[in-house]
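Any read-out appearing in this document is the output of simple, stated calculations on the displayed coordinates, not a laboratory observation. Not measured: the values here are computed from a predicted model. For neighbour counting, all protein chains shown are included, and Cβ atoms are generated from backbone atoms with ideal geometry for every residue, glycine included.
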Amino acid sequence: MDTASLEGKTALKEKILALKNRLKAVILTHNYQIPEIQELADFCGDSLELAKISKGLKEKVIVFCGVKFMAETAKILSPRKRVFLPVLGAGCPLADTITPLELIELKNKYPDAWVVSYVNTSAEIKSLSDVCCTSSNAVSVVKNVPADRIIFIPDKNLGAWVKKNVPEKEITTHSGFCYVHEQFSLNDLKRARELYPPAKIMVHPECRSELQDAADFVVSTSGMLKAAKKSSADIFIIGTEKDMIYRLEKENPEKKFYSLGNTRACIDMKKTTLDELYKALLKERYEITIDKSIIDKADRALKEMIKYV
């Protein structure tokens, strides 16, 4: 990067912080955001961490650097706060794999089941659910809800991980998947073992079942941070979105982190740039609005989720 570009980015960051202070806003940033956005965050984390943080904030303005379902979650948990998404088109293909009609059909087919929906779903899907979960507490949620039959939506790989860890319950899963995590293969993992024999391999539970079975750790992004800090290993292979490695390196500078196979990027997570964040703050644009009836129903499912940490 040349000096002029560096100076321009520094000036833009200063403008962003000045606007944030003027609005008395808080910037929440997911672990998959680009490093420059992570650096500006008041709080950086995974879905569960940011959901709990958003509810406890005293500030009345939240700028959520992530994708739409995350900003919706913050709005549902804090309906009186103003929540902005810097890029309106930052969505989640996984969340789009299930429609309200499909979920209603599943509920009609299994009327005695509890619907456990991954937080990677729309506000309307959450409103039709009994409880939400994240990748870090999905097993705990399913294990502890007062039902023997579960409809788990929409991620089939996370659903398979839950089935493996809660065999005592009947769990019906959906066919959705995250295209980023689906790209990692067992061959990638075998090659990593050959290249870095001492390394510990960590994969996200949105990865396919065969990778879950072969990895050393199957953990959420927050789980990866905890495992990297606790482990005596100094080399790790990471099976998740590429910019998680930035935070792992930042918090563990004495350790080495490599992507499992080719680096995999979420296109939607990369839509939030410094320029888009600046415009969102300057123009106060792309505020999240949700119908009150949906908020009320979805709020119950999210509050149930936070009980099972």
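Miscellaneous remarks
- Stretching the chain fully between Lys58 and Lys229 yields a gain of 58.5 nm (0.36 nm per residue, less the alpha carbon separation).
- Calculation over all alpha carbon pairs of the stretch 184-259 in 5 angstrom steps from 0 returns a P(r) of 3, 18, 32, 27, 16, 4, 0 percent.
- Antiparallel %, DSSP beta bridges [both residues in the chain], to 5: 5
- Its relative contact order, with pairs defined as Cα atoms under 8 Å and 6+ residues apart, puts the chain at 23 percent.
- Figure legend: label point modelled 7 angstrom from the Cα of Glu170 along Cα→Cβ; residues of the stretch 87-113 with amide N under 20 Å from it are 103-113.
- Considering only alpha-carbon pairs that sit under 8 angstrom and 6 or more positions apart, the relative contact order computed for the stretch 99-174 is 30 percent.
- Over the stretch 101-192: Kirkwood hydrodynamic radius from C-alpha pairwise inverse distances, Å: 13.7
- Phi to ³J(HN,Hα) by Karplus 6.51 cos²θ - 1.76 cosθ + 1.60 over the stretch 151-156, Hz, x for Gly, Pro: 9, 10, 9, x, 7, 5
- Over all other residues within a Cβ to Cβ distance under 12 Å of Asp291, the charged ones net out to 0, with Lys and Arg as +1 and Asp and Glu as -1.
- In order along the stretch 131-145, the Karplus-derived 3J(HN,Hα) couplings, from 6.51 cos²θ - 1.76 cosθ + 1.60 at θ = phi - 60°, round to 7, 9, 8, 10, 5, 7, 10, 4, 4, 4, 4, 5, 5, 9, 5 Hz, and Gly and Pro are given as x.
- Exposed loop sites were defined as trypsin sites (Lys or Arg not before Pro) in DSSP loop states (anything but H, G, I, E or B) carrying at most 12 other C-beta atoms within 10 Å; in the chain the longest segment without such a site runs 81-309.
- The modelled label-to-label distance for the pair Asn144/Lys283, using points 7 Å beyond Cα in the direction of Cβ, is 4.3 nm.
- Filter on Lys81/Lys163; Lys156/Lys250; Lys107/Lys292; Lys68/Lys200; Lys24/Lys279 - keep pairs with C-alpha separation over 28 Å: Lys81/Lys163; Lys156/Lys250; Lys68/Lys200
- Ser293 paired with Glu182, simple spin-label distance in nm, labels 7 Å along Cα-to-beta-carbon: 3.3
- Using C-alpha pairs under 8 Å with a sequence gap of at least 6, the mean separation divided by the residue count of the stretch 41-116 gives a relative contact order of 24 percent.
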